[in-house]
Every structure is written in structure tokens, then in C-alpha cells.
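Structure first, commentary second.
The values are calculated or read from the model by the stated rules, or taken from the named source; none is laboratory data. Just so we're clear, the structure is a prediction, and the values are computed from it rather than from any experiment. Every residue, glycine as well, gets a Cβ built from its backbone with ideal geometry; the counts of neighbours run over all protein chains shown.
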Amino acid sequence: MIDIPERILLGPGPSCIPQRVLAALAKPTIGHLDPVFLRIMDDLRTKLRTVFQTTNELTLAVSGTGSAGMETVFVNLLEPGDTAMVAVAGVFGGRMVDVARRCGGAVEAVEAPWGTAFDQDLLIEKIRASKPAVFAIVHGETSTGVLQPVDRIAEAVHAYGGLFILDCVTSLAGVPVEIDRWGVDAAYSGTQKCLSCPPGLSPVSLSPRAVERLDRRKGKVASWYLDLTMVRQYWGQERFYHHTAPINMNYALLEALDIVLEEGLPARFKRHAEMHARLKAGLESMGIRYVSQEGRHLPQLNAVAVPEGVDDAAGRRLLLNEFGIEIGAGLGAFKGKAWRIGLMGHGATARNVELVLAEIREAARRR
Ligand SMILES: *Cc1c(COP(=O)(O)O)cnc(C)c1O
């Protein structure tokens, strides 16, 4: 086995994983229909509902990373020819457009400049004009470090019978995500961001309205693996075999959810906000500015301009090789221009903030 170094993961994910979660992964593998595993699945569903702040019956962990959750939502809820409107202001909005088109959707992309949030009133106007079968938006855009307000969108979408899809991959368990109160019909997340669990599962939740759309489909879901009409019969009381659940990943997610709920959602959100404020103050005192819109910063993902005079790749290499700290490079329009500093879940601590500030200062000194 190759020697795996210990890293402090302060990038866009995976995030730092607590020892308890790693220990859960190492527990004995049991059968996917073992009564003990079925109890774990039920427990997972209950705890995922709490974290998503929903009572949605169809809440489960899809086998696959966050992108599998994205694909699950679109492939189940869109049928070929259906209209979809997607808000795009970064990489992950763009990925939703690609996925929706592959599902045969007639996609209208609504764009905003990278680093900015959408004005909800403007979105509502566009939704009312186009009446798309689904409207989709990213809550926390990890490529730009922007937190998108989404609390007023659902009413416009529901007025004509549309469905509201929300990407919560980075936002879940780091900032408030209120699926029921915001009227979200389909939400998906990932385990390796603020849940601080290795990558491999994607929590997904569908509202009764979305389930009704699923039940009314004219044709079969184009993906066999992600077909919720079958997957839900494994997670539901039927317990029909569909595919072998990644057993140990589910242990890890359950442990990660226990840790989240022991801390409590309000305390967890407060910690993320405080660590963000601490990092921001430190960066700004060094003259480093955010590339995301003021007032719309995503606390768990800080996208900042590469410090003046520092080489992007060399600076990140120094952090990784000498100090064992991983931060993220800029993506897309921000490639070569931005650094993405993640303070996600278990990694959002004062010690990590001070550490990354000190090492960035050192990188700037050595330029
Ligand atoms: C990370 C991320 C994804 C993709 O998740 P993977 O686990 O990499 O497949 C999707 N959306 C957002 C907002 C993300 O941050």
C-alpha cells in the first residue's frame, strides 16, 4: 500500500474527516439485506430528513457522489421534451444544464456573472414568463463561493405546477437548508463537503409533489441504476434487491450524521459563520480580496483572488508539500485567478483558520 500522507483538507471537498467516521468505515461488512443493515438504512433516512429539514418520505442516500444525486433528480423528474430552466453562475449550474440536456430536456439557461448571486425577483419574473416543467438552481456555488438566496422561488414555480430543484451539495450542514419551508421539490447533496464523510453517497430528498410527477411518467426512467421507482423499493418497506448498497459508506454517513446532530444544526451553522468571519478578517488584513459578491459569501467556501505577486500553482504546491494543507484552485472563469479555501464541517476550526492564514502569509513572503 502506498503511504497516505495526513493532509488538512481546506479546499472545495473532500473535507477533513473525523476519526469516528473513518472508524465506522472499518467496521465489518454485512449483507445488504441483513436486518441490522436495514435498521441502519431506516436510521439514515430519519437523520437525513432532520438535516434537510423536511418530512419528505422519499429521502435516501443514492450510491454515488454528489453528481449522481444531480443526475438522479434530473433523470427521474424530466422526460424527453420537458422544459427546464437552470440558473447558471458557475461550474455546477453549468453541469446541471449538461445533465438536463442529456435527459432530453429543452433547457433554458439563465445566466449571471461568475461571483454574483441571482436577484430572486428577476428569476421569479423569468419563471412566470417561461413556466418550465422544472426550475433548478445551485444553493452554494462551490466554484465561485456564492450563497444563493432561494427562499422565495417556490411559489412562482408551483403556481403553474412546476418543480423546484435545489443543489445542496456544498450548502447542506454548513448553512441553513430548509427544504420544506422553502418549498423545494427535489434536493441532492454529497457526503464529502460539510457532512465531513468520504465521497461516495449522495443524500436525495423528493417532495410528495415530485413523487407524483415520478409516478405519472409516461416512459421509463432512462437510467437503470438511478431509477428511483426501483431504488425506493429497496429503501422502502418492500426491501426489493436493486443494487448492492455500498455497505460501509452507509455506516460512515450514519456516523457523520450523528456527529452533525450531536453538535446541532444551529451551532454548526454558527461555527461555519464564525470561522468564515475569522478567515475573512485575516485575509483582508493581508490585502487579499474575495472574488465573490460582498454580502453573498458562502461561509464554507471562500473564493479569493490569488495574492498579488504569488504564482497560483507554486503557492498551492508550497502549502501542500511543505505544510500538508490542501486548498482549491480556481475553476472555469476563475482558473489561475482565484484560490478556494474551504472551511467545511469538521475542518471549520479556529486552528485551521490560523494555520492557513499563517501559511498564506509565508507563501506571500517567499514570492
Ligand atoms: C461538489 C459539488 C457537486 C458534485 O459533487 P461530486 O461529489 O463531485 O460528484 C455538485 N454541486 C456542487 C455545488 C458541488 O459543490
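The table that follows gives values for the structure above.
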read-out	value
Matching residues in the stretch 222-251 - criterion: being away from the ligand (no atom under 16 Å from the Cβ), part of a loop (DSSP other than H, G, I, E, B) and not aliphatic (A, V, I, L, M)	224, 227, 236, 237, 238, 239, 240, 241, 242, 243, 244
Which numbered condition residue 254 misses (of (1) outside any helix (DSSP H, G or I); (2) crowded, with 16+ Cβ neighbours inside 10 Å)	(1)
Subset of the stretch 343-367 [of a type outside the set (A, V, I, L, M) and either in contact with an Asp or Glu (Cβ under 9 Å, 6 or more places away or on another chain) or assigned to a helix (DSSP H, G or I) (or both)]	345, 346, 347, 351, 352, 354, 359, 361, 362, 365, 367
Qualifying positions in the stretch 117-150 - more than 16 Å from the ligand (Cβ to nearest atom), assigned to a loop (DSSP other than H, G, I, E, B) and not hydrophobic (A, V, I, L, M, F, W, C)	119, 131, 132
Strands (runs of 3 or more DSSP E) wholly inside the stretch 6-112 that include at least 3 residues being closer than 28 Å to residue 234 by Cα	58-63
Residue that is surrounded by the fewest Cβ atoms within 10 Å (Cβ to Cβ) [pool: residues in the stretch 62-96 that are under 25 Å from residue 196 (Cβ atoms) and among the polar types (S, T, N, Q)]	67
Qualifying residue in the stretch 303-318 (condition: closer than 14 Å to residue 145 by Cα, in contact with a His (Cβ under 8 Å, 6 or more places away or on another chain) and buried (at least 21 other Cβ atoms within 10 Å of the Cβ))	no
Pairs, first over 18 Å from residue 92 (Cα atoms) in the stretch 112-132, second of a type in the set (Phe, Trp, Tyr), C-beta under 8 Å, six or more apart	127/135; 131/160
Filter result for residue 213 (touching a residue at least 60 places away in the same chain (Cβ under 8 Å) and more than 16 Å from the chain's Cα centre (by Cα))	yes
Tally, over the stretch 299-310, of residues that are of a type outside the set (Gly, Ala, Ser) and at pLDDT below 95	3
Failed item, numbered, when residue 267 is tested on (1) over 25 Å from the mean Cα position of the chain (by Cα); (2) part of a helix (DSSP H, G or I); (3) of a type outside the set (Asp, Glu)	(1)
Residue ID - nearest to the chain's Cα centre (by Cα), chosen from residues in the stretch 1-51 that are under 27 Å from residue 321 (Cα atoms) and of a type in the set (S, T, N, Q)	15
Test for residue 27: is it surrounded by fewer than 19 Cβ atoms within 10 Å (Cβ to Cβ) and in contact (Cβ under 8 Å) with a residue 40 or more places away in the chain	yes
Single match in 65, 50, 72 (criterion: more than 12 Å from the ligand (Cβ to nearest atom) and polar (S, T, N, Q))	50
Among (1) surrounded by fewer than 18 Cβ atoms within 10 Å (Cβ to Cβ); (2) out of contact with any helix residue (DSSP H, G or I) (no Cβ under 7 Å at 6 or more places or on another chain); (3) not β-branched (Val, Ile, Thr), the one test that residue 292 misses	(1)
